[in-house]
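All remarks here apply to the structure that follows.
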Amino acid sequence: MVKLVEVCKTLNNYSLQEIYINPEHVVAIRSDNKTREALVEGRLPPGLSQGQSFTTLYLDRGQTGIDVVVVGCAEAIREKLGVVRRTLLKG
């Protein structure tokens, strides 16, 4: 399990909370520009750097999935989760 900081949105209010992610359940990692825009507009909690970036993690939950927005750029989150690029074996 890897500890990250999640951006939670309720109506028009944003908050931050710690979340633990199982890297084996991550199916996609994508940069999140909507949350970045909310930061620039001043809608996120104070204390975040204006240069901060955000990433959406797509998690597998069996028949359904869940999207989680976390603080950090996609590359840094990928490294923190230990997700390595897999290569196709020819043979």
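Computed from the coordinates by the stated procedures, all read-outs in this text should not be read as laboratory data. No experiment lies behind these values; they were computed from the predicted model shown. Glycine also receives a Cβ, built like all others from the backbone with ideal geometry; neighbour counts cover every protein chain displayed.
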Every residue in the range 10-41 that is touching a residue at least 40 places away in the same chain (Cβ under 8 Å) and touching a helix residue (DSSP H, G or I) at 6+ places or on another chain (Cβ under 9 Å), please. I21, P23, V26, I29, R30, S31
For L44, only one of the following conditions fails: (1) in contact (Cβ under 8 Å) with a residue 24 or more places away in the chain; (2) more than 14 Å from the chain's Cα centre (by Cα); (3) loosely packed, with under 12 Cβ neighbours inside 10 Å. What is its number? (3)
Which numbered condition trips up K3, out of (1) of a type in the set (D, E, K, R); (2) surrounded by 15 or more Cβ atoms within 10 Å (Cβ to Cβ); (3) in contact with an Asp or Glu (Cβ under 9 Å, 6 or more places away or on another chain)? (2)
